[in-house]
Amino acid sequence: MAQHKSARKRARSTVRRTRVNDARKGRVRSFLREVESAIATGDGKKARAALVAAQPEVQRGAQKGVLAKATAARKLSRLSKRIKKLSK
């Protein structure tokens, strides 16, 4: 357990930040899940709309540090590629 006043404060801050980051990660996952389910149904328009809604959330997750920038780009790229295949 932290002994110094500053260390105790950092421990409290860490708990708060962890809670916020977990919520943000969950939100990103939810949006990605929506896109995945839309792709699974085979509905191109619904999948495209879900991706458009998910993009800012994923980018925000990368900006806030819950996802690596490259990971966010890779996920969006792969989903976009799969949706493009649906429309053909």
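What follows draws every value from the coordinates through simple rules; no lab data is involved. As the structure is a prediction and not an experimental result, all values here were calculated from the model. Glycine also receives a Cβ, built like all others from the backbone with ideal geometry; neighbour counts cover every protein chain displayed.
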Check your understanding: Considering every pair of different Cα atoms, what Kirkwood radius, in Å, is found for the chain?
Key -> 14.5
Exercise for review: Of the options 11, 31, 76, report the single residue whose Cα projects farthest towards the positive end of the charge dipole of segment 5-87 (beta-carbon charges: Lys, Arg +1; Asp, Glu -1).
Suggested key: 11
Check your understanding: Given labels modelled 7 Å from the Cα in the Cβ direction, how far is it in nm from residue 85 to residue 4?
Key -> 5.4
Exercise for review: Pop out the ³J(HN,Hα) list for segment 45-57 in order, Karplus 6.51 cos²θ - 1.76 cosθ + 1.60 with θ = phi - 60°, rounded to Hz; leave Gly and Pro as x.
Suggested key: 5, 5, 5, 4, 5, 5, 5, 4, 6, 7, 3, x, 5
Check your understanding: Where nothing but the Cβ of Lys and Arg (+1) and of Asp and Glu (-1) is charged, how large is the charge dipole of the chain around its Cα centre, in debye to the nearest 20?
Key -> 380
